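**Q** Take a look at this one; I'll ask things after.
The values are calculated or read from the model by the stated rules, or taken from the named source; none is laboratory data. Everything quoted here is computed from the prediction, not taken from an experiment. Positions of Cβ are backbone-derived with ideal geometry, glycine not excepted, and every protein chain shown enters the neighbour counts.
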Ligand code: NAI
């Protein structure tokens, strides 16, 4: 049984949960890891999203508290909480979109790959639940190292016979959000007017901003290119160091996750022309997964776009990115295949 805030069960309520029962228009979304640093603001922002009719909040700790709190917001989505492994299946049943920010974050001095030991197992368990309870859901995977957790999820779904590459998306949106912000600062523009494609993966040198393809069209000096590329690649570490042991990016990540989830939901609704960057199964390079722009539609990532023309600086970066990415992907695949 889902945990509900006590009042929602009170007999005085005429139609407790009537919106959910009546199949109110909108999508059913689950957040796994909803009580965490990312999970909480992400839950709040998804409760504010008019495309969401039902919001399931799952965590192994503190889900009842977060659920009670979020459920008092007077927005449309019906909120239910689920605590611990025995409630995972109830949390997932019937979901259209599952967002996964479960797992440990970095501390100063750690790489994303250092998180593999703990987070690989968490992602495996959660994806086994998805394969069983909502095999058709779109999955937005945030847990790091994304370069390895996405291949892990794919292997779990393959084993279960439910793998649909269009529906598994590693969330690299924070890299795009950072790139838009930092480029806008350099150009003296409003970041809302700037769009920077960021391709490759989501760790260090695998994060490859394509500054030659920035919109609106603009040019950069070699110093600016060096500064921006490095700052975008190290954006996560900048936050980890500033937080000095208290975790990694949570608020900007929640913002980015919601921006991406909203794009996925608009795609599911059938809106045309929804294009965002994500780490997906890909034939753009020789690697089985790669982040590029994808077109989001009713079936998930319906189209994976090519890289487009790269300059020399980007071609060199691409080779470095592929080398590290290949090892990270392999590590994820081997974790399941053993
Ligand atoms: P956090 O530690 O604050 O929260 C993680 C939550 O996951 C906790 O509430 C914890 O109880 C929960 N959890 C642990 N095991 C679980 C399980 N088996 N099932 C369900 N929930 C479980 O960490 P934070 O800061 O929210 O980060 C979460 C993850 O997101 C980390 O792996 C971090 O590296 C990653 N991340 C990814 C980014 C991206 O751009 N893709 C950016 C920032 C962080």
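**Q** Counting just the residues of segment 173-213 that are touching a helix residue (DSSP H, G or I) at 6+ places or on another chain (Cβ under 7 Å) and assigned to a loop (DSSP other than H, G, I, E, B), which one comes out nearest to residue 110 (Cα to Cα)?
**A** Checked segment 173-213; the qualifying residue nearest to residue 110 (Cα to Cα) is 203.
**Q** Looking only at segment 44-81, count how many residues are in a loop (DSSP other than H, G, I, E, B) and closer than 14 Å to residue 99 by Cβ.
**A** Residues flagged as in a loop (DSSP other than H, G, I, E, B) and closer than 14 Å to residue 99 by Cβ within segment 44-81 amount to 3.
**Q** In addition: Name every residue in segment 82-97 that is farther than 28 Å from residue 166 by Cβ and not in a helix (DSSP H, G or I), in order of residue number.
**A** 83, 84
**Q** Also, quick follow-up: Report whether or not residue 143 is in a loop (DSSP other than H, G, I, E, B), surrounded by 18 or more Cβ atoms within 10 Å (Cβ to Cβ) and in contact with a helix residue (DSSP H, G or I) (Cβ under 8 Å, 6 or more places away or on another chain).
**A** It is true that residue 143 is in a loop (DSSP other than H, G, I, E, B), surrounded by 18 or more Cβ atoms within 10 Å (Cβ to Cβ) and in contact with a helix residue (DSSP H, G or I) (Cβ under 8 Å, 6 or more places away or on another chain).
**Q** Another question, then. Filter segment 244-258 down to the residues that are part of a helix (DSSP H, G or I) and crowded, with 17+ Cβ neighbours inside 10 Å, then identify the one that is nearest to the ligand (Cβ to nearest atom).
**A** Looking at the filtered set, the residue picked out is 253.
**Q** A follow-up question, please. Just name the residue that is modelled with the highest pLDDT out of those in segment 1-29 that are within 28 Å of residue 104 (Cα to Cα) and not in a strand (DSSP E or B).
**A** Here the residue is 2.
**Q** Hey, another quick one. Looking at the structure I just gave you, is residue 261 assigned to a helix (DSSP H, G or I), in contact (Cβ under 8 Å) with a residue 60 or more places away in the chain, within 16 Å of the ligand (Cβ to nearest atom) and buried (at least 18 other Cβ atoms within 10 Å of the Cβ)?
**A** Against the criterion (assigned to a helix (DSSP H, G or I), in contact (Cβ under 8 Å) with a residue 60 or more places away in the chain, within 16 Å of the ligand (Cβ to nearest atom) and buried (at least 18 other Cβ atoms within 10 Å of the Cβ)), residue 261 qualifies.
**Q** Let me ask something else about it. Name the one entry in 83, 92, 45, 32 that is at pLDDT 95 or above, within 15 Å of the ligand (Cβ to nearest atom) and over 24 Å from residue 298 (Cα atoms).
**A** Every option except 83 fails the conditions.
**Q** Is it true that residue 69 is more than 9 Å from the ligand (Cβ to nearest atom), surrounded by fewer than 22 Cβ atoms within 10 Å (Cβ to Cβ) and either closer than 22 Å to residue 243 by Cβ or touching a residue at least 60 places away in the same chain (Cβ under 8 Å) (or both)?
**A** Taking the combined requirement at face value, the residue does not satisfy it.
**Q** Which of the residues belonging to segment 95-115 are within 10 Å of the ligand (Cβ to nearest atom), in contact (Cβ under 8 Å) with a residue 60 or more places away in the chain and under 21 Å from residue 243 (Cβ atoms)?
**A** Listed by number, the residues that qualify are 101, 102, 103, 105, 106, 110, 112.
**Q** Sort through 177, 199, 156 and tell me the only one that's within 16 Å of the ligand (Cβ to nearest atom), under 25 Å from residue 304 (Cα atoms) and buried (at least 24 other Cβ atoms within 10 Å of the Cβ).
**A** The unique qualifying residue is 199.
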